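Visitor: Provided herewith is a single structure, encoded as structure tokens, for subsequent inquiry.
The values are calculated or read from the model by the stated rules, or taken from the named source; none is laboratory data. No experiment lies behind these values; they were computed from the predicted model shown. Glycine gets a Cβ as well: all are built from the backbone with ideal geometry, and neighbour counts include every protein chain shown. Protein only, heavy atoms only, side chains kept; ligands, DNA and RNA dropped before computing areas. Shrake-Rupley method; radii C 1.70, N 1.55, O 1.52, S 1.80 Å.
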Amino acid sequence: MLKMMHNNLTLRCETPIHIGNGEKYTFLDYFVDNGIMHVVDIDRVFDEIEDIDVIDDLCGDIEKNIINGQAQINIREFFKQYEIDVREYVVGTIKTTVKPSRRVQISQFINQNGNSYIPGSSIKGAIRTAYLFNYYDGNIERLVEILKNPKIGNKYKSINDEAIGDIEKDIFRYLYVSDSEFIPKEKFTVIEAKRYNNIKQKEGNPTYLEVINEGTDVKFEIGIDKGFRNSLNDIASWCNNLSGTVVEYEISNRYGGKYQAYYRKLSDEIKRNEDYFYLNLGFGGGHITKAIYLLLWKHNKDLRLIRGILKKERLIKEGMRVNDFYEFPRTRVIFNNMPLGWVKICSRDENDIYIKHRK
């Protein structure tokens, strides 16, 4: 039995957040009415149809209404032809900005038996990245040395192991981050986010997401064992250093467009609010929130290193040139001119207590 410092914290969603579970609402799973998306248990609809011929006719009509991979069906109107009222099979509702006429696939938020939450693994992963960033922010020449060393095959493993430790010595074994409390469905909205091309200064293809609304507060816990050797204040400092650098990069990006006003506001908040630390979670954060790219930009290191990283990760297409740090990534996912995924977390424990924790 070991003692672990137990911190009860509040996370506030500064912009909409989407953390997916790999599942989607298809055109057969919902209909939209007066700004509300009604989720239908379509399996139960088919289970309660006793006539196999009716099921065959239904399936045939559905296939006929799919053109170029896009459905043309409003399921509420479609099932009326078969004297089925799908409103009787609604299992949940979510606010939405998607027009009722759209028949699109919508990425679901991660949930457990229908209860949505922010995974502790997502928060812990972001903290881990912030720690890595801070370690090499103070050891930038060592980072460059690893990246340039042709004898090191798996550079990311070497970078990680030196800063954090291998699996057996990983200091993050001693940091516990809980899942958040379950989040009520009234705190969610289905949105149409846009991919914004920085260089072309225009919006591209939309993506449809179930998101936690900005301004939503959720509770979670961070437990720190003595093997971690760092405090909650240290974690806050790492995260704000990384987040502040992301913000600085975006503000200084000469291609930056609609979302830059938000980053100026966020920059002021990070500098002003000493009781909070900031992270970017989930979908839409983009490659710039990863530590290595930002560190090379911050310390104005060899651009060829960036090209090598991008090519190895297949993030740039064959023949694509990256002439400076600001030319990649070229797109951002935005909603109402805001980037997705920003949260702030209270850096003070609500009731400093110790709990018993079994390793």
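Visitor: Kindly report the accessible area of the chain per residue (heavy atoms of protein chains, probe 1.4 Å, no ligands, DNA or RNA), in Å².
Guide: Heavy-atom accessible area per residue stands at 52 Å².
Visitor: Can you check what the net charge comes to around Pro100, using other residues whose Cβ is under 14 Å from the Cβ of Pro100 (Lys, Arg +1; Asp, Glu -1)?
Guide: +2
Visitor: Quick one, which of [x] 211; [y] 183; [z] 155 is the actual volume of the Cα convex hull per residue in Å³ calculated for this model?
Guide: [y]
Visitor: If you average the alpha carbon positions of the range 11-51 and of the range 71-142, how far apart do those two centres end up, in angstrom?
Guide: The two parts, judged by their Cα centres, are 9 Å apart.
Visitor: So, one more: Leaving out ligands, DNA and RNA, and with a 1.4 Å probe, what % of the accessible surface on the chain is carbon or sulfur?
Guide: The nonpolar share, carbon plus sulfur, comes to 45 percent.
Visitor: Under a Cβ-Cβ cut-off of 11 Å, what is the net charge of the residues other than Phe172 that fall near it, where Lys and Arg count +1 and Asp and Glu count -1?
Guide: +2
Visitor: Please list Tyr255, Tyr176, Tyr25 in order of solvent-accessible area, largest first, computed with a 1.4 Å probe with all protein chains present.
Guide: Solvent-accessible surface, decreasing: Tyr176, Tyr255, Tyr25.
Visitor: Filter the cross-link list Lys124/Lys148; Lys99/Lys185; Lys24/Lys80; Lys124/Lys219; Lys258/Lys344; Lys226/Lys290 down to pairs whose alpha-carbon distance in this structure exceeds 26 Å.
Guide: Where the Cα-Cα span goes over 26 Å, the pairs concerned are Lys124/Lys148; Lys226/Lys290.
Visitor: Give me the net charge of Leu281's neighbourhood, meaning all other residues with Cβ under 15 Å from the Cβ of Leu281; Lys, Arg count +1, Asp, Glu -1.
Guide: 0
Visitor: What chymotrypsin sites (Phe, Trp or Tyr not before Pro) does the range 49-111 have in DSSP loop regions with at most 16 other beta carbons within 10 Å?
Guide: Loop-located and lightly packed - Tyr82.
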